[in-house]
Amino acid sequence: MTAAQEVPGSEEFEERQVVLYEDCLSYAPVTGSVTLARRRAGEVVAAWGRPELAWSAALLVSELATNALLHGCLRGRLFQVRVTLRTDVLRIEVSDAREERLPVPRVADDLDCFGRGLAIVAELADRWGVDPRTVGKTVFAEIDVEPSAR
(Lines give C-alpha, C1' and ligand atoms only; values in the text may rest on other atoms or scores of the structure.)
Protein backbone atom coordinates (compact mmCIF):
# COMPACT_ATOMS: atom_id res chain seq x y z
CA MET A 1 0.00 0.00 0.00
CA THR A 2 1.35 3.41 -0.89
CA ALA A 3 0.92 6.56 1.15
CA ALA A 4 -1.69 7.79 -1.35
CA GLN A 5 -3.96 4.83 -0.73
CA GLU A 6 -6.53 5.18 2.00
CA VAL A 7 -7.83 2.36 4.12
CA PRO A 8 -11.64 2.54 4.35
CA GLY A 9 -12.60 3.90 7.73
CA SER A 10 -9.02 4.87 8.62
CA GLU A 11 -9.99 8.43 9.55
CA GLU A 12 -12.51 7.10 12.04
CA PHE A 13 -9.91 4.67 13.44
CA GLU A 14 -7.33 7.44 13.86
CA GLU A 15 -9.85 9.67 15.65
CA ARG A 16 -10.77 6.84 18.03
CA GLN A 17 -7.10 6.50 18.99
CA VAL A 18 -6.60 10.12 20.07
CA VAL A 19 -5.24 10.29 23.61
CA LEU A 20 -7.14 12.98 25.46
CA TYR A 21 -5.48 12.56 28.87
CA GLU A 22 -2.81 10.39 30.43
CA ASP A 23 -1.52 9.98 33.95
CA CYS A 24 1.43 7.76 34.86
CA LEU A 25 3.12 7.30 38.21
CA SER A 26 5.42 4.70 39.77
CA TYR A 27 4.82 3.39 43.28
CA ALA A 28 6.87 1.62 45.91
CA PRO A 29 5.89 -2.02 46.46
CA VAL A 30 4.13 -1.40 49.78
CA THR A 31 0.47 -1.81 50.71
CA GLY A 32 -0.10 1.94 51.14
CA SER A 33 0.71 2.46 47.47
CA VAL A 34 -2.46 0.66 46.43
CA THR A 35 -4.55 3.19 48.35
CA LEU A 36 -2.63 6.10 46.84
CA ALA A 37 -2.93 4.72 43.29
CA ARG A 38 -6.66 4.01 43.69
CA ARG A 39 -7.37 7.50 45.02
CA ARG A 40 -5.28 9.17 42.32
CA ALA A 41 -6.98 7.23 39.51
CA GLY A 42 -10.45 8.21 40.68
CA GLU A 43 -9.46 11.84 41.08
CA VAL A 44 -7.77 12.22 37.69
CA VAL A 45 -10.59 10.53 35.79
CA ALA A 46 -13.12 12.82 37.49
CA ALA A 47 -10.92 15.85 36.77
CA TRP A 48 -10.82 14.81 33.11
CA GLY A 49 -14.59 15.37 33.00
CA ARG A 50 -15.62 11.71 33.29
CA PRO A 51 -16.87 11.41 36.91
CA GLU A 52 -19.15 8.52 35.91
CA LEU A 53 -16.00 6.45 35.26
CA ALA A 54 -14.07 7.47 38.38
CA TRP A 55 -15.36 4.71 40.67
CA SER A 56 -14.70 1.97 38.10
CA ALA A 57 -11.24 3.35 37.35
CA ALA A 58 -10.37 3.46 41.04
CA LEU A 59 -11.56 -0.11 41.62
CA LEU A 60 -9.72 -1.44 38.56
CA VAL A 61 -6.50 0.24 39.70
CA SER A 62 -6.99 -1.16 43.18
CA GLU A 63 -7.43 -4.74 41.96
CA LEU A 64 -4.60 -4.64 39.41
CA ALA A 65 -2.20 -2.85 41.77
CA THR A 66 -2.96 -5.33 44.53
CA ASN A 67 -2.19 -8.20 42.16
CA ALA A 68 1.07 -6.52 41.15
CA LEU A 69 2.00 -6.04 44.79
CA LEU A 70 1.16 -9.63 45.79
CA HIS A 71 2.37 -11.49 42.72
CA GLY A 72 4.50 -9.26 40.50
CA CYS A 73 6.74 -6.99 42.51
CA LEU A 74 10.36 -7.61 43.33
CA ARG A 75 12.15 -6.08 46.29
CA GLY A 76 13.39 -2.63 45.40
CA ARG A 77 11.47 -2.48 42.08
CA LEU A 78 8.61 -0.03 41.64
CA PHE A 79 5.34 -0.84 39.95
CA GLN A 80 3.75 1.62 37.55
CA VAL A 81 0.14 2.70 37.09
CA ARG A 82 -0.92 4.39 33.86
CA VAL A 83 -4.44 5.71 33.25
CA THR A 84 -5.23 6.85 29.72
CA LEU A 85 -8.44 8.35 28.39
CA ARG A 86 -8.85 8.16 24.63
CA THR A 87 -11.88 9.30 22.70
CA ASP A 88 -13.35 5.79 22.84
CA VAL A 89 -11.73 3.95 25.76
CA LEU A 90 -10.48 4.39 29.31
CA ARG A 91 -7.40 2.18 29.75
CA ILE A 92 -5.90 1.22 33.09
CA GLU A 93 -2.42 -0.33 33.04
CA VAL A 94 -0.36 -1.70 35.91
CA SER A 95 3.19 -2.80 35.13
CA ASP A 96 5.49 -4.87 37.32
CA ALA A 97 8.85 -6.62 36.99
CA ARG A 98 7.79 -10.29 36.97
CA GLU A 99 7.00 -11.48 33.46
CA GLU A 100 6.85 -15.13 34.58
CA ARG A 101 3.97 -14.49 37.02
CA LEU A 102 0.98 -14.05 34.70
CA PRO A 103 -2.46 -13.36 36.16
CA VAL A 104 -4.76 -16.36 36.20
CA PRO A 105 -8.45 -15.99 37.05
CA ARG A 106 -9.71 -18.42 39.65
CA VAL A 107 -12.92 -19.20 41.41
CA ALA A 108 -12.78 -18.31 45.09
CA ASP A 109 -14.71 -20.26 47.68
CA ASP A 110 -17.20 -18.34 49.81
CA LEU A 111 -14.82 -18.24 52.78
CA ASP A 112 -11.67 -17.34 50.80
CA CYS A 113 -10.18 -13.93 51.55
CA PHE A 114 -8.43 -13.70 48.18
CA GLY A 115 -9.04 -14.76 44.60
CA ARG A 116 -11.79 -12.45 43.39
CA GLY A 117 -9.71 -9.62 41.91
CA LEU A 118 -9.64 -10.73 38.29
CA ALA A 119 -13.34 -11.63 38.44
CA ILE A 120 -14.01 -8.04 39.50
CA VAL A 121 -11.77 -6.75 36.70
CA ALA A 122 -13.56 -8.94 34.14
CA GLU A 123 -16.94 -7.70 35.35
CA LEU A 124 -16.05 -3.99 35.25
CA ALA A 125 -13.92 -3.93 32.09
CA ASP A 126 -14.99 -4.54 28.52
CA ARG A 127 -11.69 -6.37 28.07
CA TRP A 128 -8.51 -7.05 29.98
CA GLY A 129 -5.24 -8.76 29.24
CA VAL A 130 -1.48 -8.87 29.57
CA ASP A 131 1.18 -7.22 27.42
CA PRO A 132 4.81 -8.34 27.71
CA ARG A 133 7.52 -5.76 28.36
CA THR A 134 11.29 -5.91 27.99
CA VAL A 135 11.38 -6.43 31.74
CA GLY A 136 8.15 -7.60 33.33
CA LYS A 137 4.59 -7.27 32.12
CA THR A 138 1.68 -4.87 31.91
CA VAL A 139 -1.79 -5.98 32.94
CA PHE A 140 -4.47 -3.77 31.44
CA ALA A 141 -8.21 -3.26 31.63
CA GLU A 142 -10.27 -1.20 29.20
CA ILE A 143 -13.70 0.35 29.45
CA ASP A 144 -15.36 1.49 26.25
CA VAL A 145 -16.71 5.02 26.60
CA GLU A 146 -19.06 7.22 24.65
CA PRO A 147 -17.55 10.50 23.46
CA SER A 148 -17.89 13.28 25.99
CA ALA A 149 -20.69 15.77 25.40
CA ARG A 150 -18.25 18.67 25.78
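Of everything listed in (1) touching a strand residue (DSSP E or B) at 6+ places or on another chain (Cβ under 7 Å); (2) open to solvent by 70 Å² or more (accessible area, probe 1.4 Å), the single unmet condition for R38 is (1).
Restricting attention to the range 121-150, the residues that are farther than 17 Å from H71 by Cα, modelled with pLDDT under 95 and not in a loop (DSSP other than H, G, I, E, B) total 4. Only a single criterion out of (1) of a type in the set (A, V, I, L, M, F, W, C); (2) farther than 19 Å from V83 by Cα; (3) modelled with pLDDT of 90 or more is not satisfied by L111, namely (3).
For the range 47-65, the criterion of being open to solvent by 40 Å² or more (accessible area, probe 1.4 Å) and part of a loop (DSSP other than H, G, I, E, B) is met by no residue. Screening V30 on (1) over 22 Å from A97 (Cα atoms); (2) open to solvent by 40 Å² or more (accessible area, probe 1.4 Å); (3) modelled with pLDDT under 95 shows it passes everything except condition (1).
Restricting attention to the range 66-84, the residues that are assigned to a strand (DSSP E or B) and buried (at least 24 other Cβ atoms within 10 Å of the Cβ) total 3.
Modelled with pLDDT of 95 or more and touching a strand residue (DSSP E or B) at 6+ places or on another chain (Cβ under 9 Å), is that true of V19? Step through it out loud before you land on a result.
Values: modelled with pLDDT of 95 or more: no; touching a strand residue (DSSP E or B) at 6+ places or on another chain (Cβ under 9 Å): yes.
The answer is no for V19.
The values are calculated or read from the model by the stated rules, or taken from the named source; none is laboratory data. Since the structure is predicted, the reported quantities are computational estimates derived from the model, not experimental observations. Ideal geometry is used to build each Cβ from the backbone, glycine not excepted, and the neighbour counts take in all protein chains shown. The protein model used for the area step is the full one, side chains on, heavy atoms only, and it has no ligands, DNA or RNA in it. Shrake-Rupley method; radii C 1.70, N 1.55, O 1.52, S 1.80 Å.
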